[in-house]
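Colleague: There's a structure below that I have some questions on.
The values are calculated or read from the model by the stated rules, or taken from the named source; none is laboratory data. Just so you know, these numbers come straight off a predicted model, no measurement behind them. A quick note on method: Cβ atoms are made from the backbone with ideal geometry, for glycine too, and the neighbour counts reach across all protein chains shown. Side chains included, ligands, DNA and RNA excluded: accessible areas come from the protein's heavy atoms. Shrake-Rupley method; radii C 1.70, N 1.55, O 1.52, S 1.80 Å.
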Amino acid sequence: MSLDNTSHPGRPGTSELVPSRYALRVGEIDVLVVSDGPLSMKTPNLATNADPAVRAAWLDHMCLPTDEIVFPLNAAVVRSGGRTILIDSGLGEEHPDFARAGRWALRLEAAGIDLASVTDVVLTHMHFDHVGGLLVDEVKDRLRRPDLPIHASAAEAKFWASPDFSRSISMPAWFPVAAQSAADRFLAEYGSQLRLFEAESEVAPGVVVRRTGGHTVGHSVVRLASGGDRLTFAGDAVLPASFDHPDWYNAFEHDPEEAARVRVGLLRELAETGEVLVACHLPFPSVGHVAVAGDVFRWVPAFWDY
Ligand SMILES: [Zn+2]
């Protein structure tokens, strides 16, 4: 892909009929959710531990197709204390079958965000749909620079240096290969820029990245707090079926049992605090709240405020 958009006809920006960015404020912090474009997911991967009939009933309840569904992909830009922070980077050119994704860089450009002005990158984890955008040549030209720290958990970097997929029993065979390839190239290109943390790190005023583990061993969420407002960017800890079925194992979780524990703990906390949730794979703009519904949860999308 080039920033001149040779691989996708129609330049995004003001000409896009469907919006691809959504701005909100958390106290003094500016947040922009950016859609990278949709992936797709074969529905058995939504819940590898579910009775197929229960999974089919959920899909029917959600008015979704039974075989393959649109799987949204979002990233975010956060501005606080004079810093401009990218959280994740979309798919880039990592999976040509997902031809409608990989638009992150174009959409940042359309939003007037110059990559040269970015001060930090935060990674929730190093799967290719989160680091892929950083591997595009035109992006590398602007983000491979010593003054740009890339914040990630030490556990995540350590995992990809010597990966062990033994707990990921239901992962499709192609996935570890594709994930390792992208992570290897990411570490080769940006390894010297990594700013690793153990448990958490405050990247800018009110912007804290915190390791959760689960989805990957070093998976992290980003928690924003300013002036009494709070928002959590949950990465892949929360997925579209997570509210109705928080105990479902997604096929792409490295440690599904731990991922479910992390998910339930986070959803409980978010329901208690009432803070805003944004997640990578919830439908754009992926801005809403979590409510408790009996012994599961409910996703309450925010009313668009514009
Ligand atoms: Zn993901």
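Colleague: Val131 - would you say it is away from the ligand (no atom under 14 Å from the Cβ) and either outside any loop (DSSP other than H, G, I, E, B) or more than 23 Å from Val287 (Cα to Cα) (or both)?
Modeller: For Val131, the condition - away from the ligand (no atom under 14 Å from the Cβ) and either outside any loop (DSSP other than H, G, I, E, B) or more than 23 Å from Val287 (Cα to Cα) (or both) - is not met.
Results for (1) under 24 Å from Ser166 (Cβ atoms); (2) among the basic types (Lys, Arg), shown as yes or no for each residue.
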| position | (1), (2) |
| --- | --- |
| Val209 | no, no |
| Thr232 | no, no |
| Ala237 | yes, no |
| Trp248 | yes, no |
| Arg268 | no, yes |
| Pro285 | no, no |
| Ala291 | no, no |
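Colleague: Further, regarding this structure: For Glu156, only one of the following conditions fails: (1) assigned to a helix (DSSP H, G or I); (2) among the acidic types (Asp, Glu); (3) open to solvent by 50 Å² or more (accessible area, probe 1.4 Å). What is its number?
Modeller: (3)
Quick grid of which residues meet (1) open to solvent by less than 20 Å² (accessible area, probe 1.4 Å); (2) under 16 Å from the mean Cα position of the chain (by Cα):
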{"residue": "Ala182", "(1), (2)": "yes, yes"}
{"residue": "Gln193", "(1), (2)": "yes, no"}
{"residue": "His219", "(1), (2)": "yes, yes"}
{"residue": "Arg223", "(1), (2)": "no, yes"}
{"residue": "Gly235", "(1), (2)": "yes, yes"}
{"residue": "His245", "(1), (2)": "no, no"}
{"residue": "Arg261", "(1), (2)": "no, no"}
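Colleague: Going by the structure shown, is Ser89 in contact with a Gly (Cβ under 8 Å, 6 or more places away or on another chain) and under 21 Å from His219 (Cβ atoms)?
Modeller: Here the answer is yes, as Ser89 does meet what is asked.
Colleague: For the stretch 220-227, check the following and say yes or no: at least one residue is within 14 Å of the ligand (Cβ to nearest atom) and under 29 Å from Leu59 (Cβ atoms).
Modeller: So far as the stretch 220-227 goes, yes, one or more of its residues are within 14 Å of the ligand (Cβ to nearest atom) and under 29 Å from Leu59 (Cβ atoms).
Colleague: Checking Ile150 against (1) within 16 Å of the ligand (Cβ to nearest atom); (2) closer than 22 Å to Gly92 by Cβ; (3) out of contact with any Gly (no Cβ under 6 Å at 6 or more places or on another chain); (4) without any contact (Cβ under 8 Å) to a residue 60 or more places away in the chain, which test does it fail?
Modeller: Checking Ile150 against (1) within 16 Å of the ligand (Cβ to nearest atom); (2) closer than 22 Å to Gly92 by Cβ; (3) out of contact with any Gly (no Cβ under 6 Å at 6 or more places or on another chain); (4) without any contact (Cβ under 8 Å) to a residue 60 or more places away in the chain, the one that fails is (1).
To keep it simple, each residue is scored yes or no on (1) open to solvent by less than 10 Å² (accessible area, probe 1.4 Å); (2) more than 19 Å from the chain's Cα centre (by Cα); (3) within 14 Å of the ligand (Cβ to nearest atom).
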| residue | (1), (2), (3) |
| --- | --- |
| Ala204 | yes, yes, no |
| Arg210 | no, no, no |
| Thr232 | yes, no, no |
| Trp248 | no, no, no |
| Ala251 | yes, no, yes |
| Glu258 | no, no, no |
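Colleague: Please name all residue pairs, on different chains or six or more residues apart, with Cβ atoms under 7 Å, provided the first residue is in the stretch 274-291 and is open to solvent by less than 20 Å² (accessible area, probe 1.4 Å) and the second residue is within 14 Å of the ligand (Cβ to nearest atom) and among the aromatic types (Phe, Trp, Tyr).
Modeller: Pairs found: Val278/Phe233; His281/Phe71.
Colleague: I would also like to ask the following. Filter the stretch 79-99 for residues that are assigned to a strand (DSSP E or B) and within 15 Å of the ligand (Cβ to nearest atom) and give the result.
Modeller: Ile87
Colleague: Count, please, the residues in the stretch 21-78 that happen to be within 26 Å of Val203 (Cα to Cα), of a type outside the set (S, T, N, Q) and within 16 Å of the ligand (Cβ to nearest atom).
Modeller: Matching residues across the stretch 21-78 total 6.
Colleague: Okay, next question. Just one of the numbered conditions (1) in a strand (DSSP E or B); (2) under 15 Å from the mean Cα position of the chain (by Cα); (3) over 25 Å from Asp229 (Cβ atoms) is not true of Ile69; which one?
Modeller: (2)
Colleague: For the stretch 1-38, enumerate the residues that are under 23 Å from His281 (Cβ atoms), at pLDDT below 95 and hydrophobic (A, V, I, L, M, F, W, C).
Modeller: Of everything in the stretch 1-38, those that are under 23 Å from His281 (Cβ atoms), at pLDDT below 95 and hydrophobic (A, V, I, L, M, F, W, C) turn out to be Met1, Leu17, Val18.
Colleague: Then there is this: Return yes or no: is Gly102 at positive phi, open to solvent by less than 50 Å² (accessible area, probe 1.4 Å) and either without any contact (Cβ under 8 Å) to a residue 40 or more places away in the chain or within 16 Å of the ligand (Cβ to nearest atom) (or both)?
Modeller: Yes; evaluated as a whole, the condition is true for this residue.
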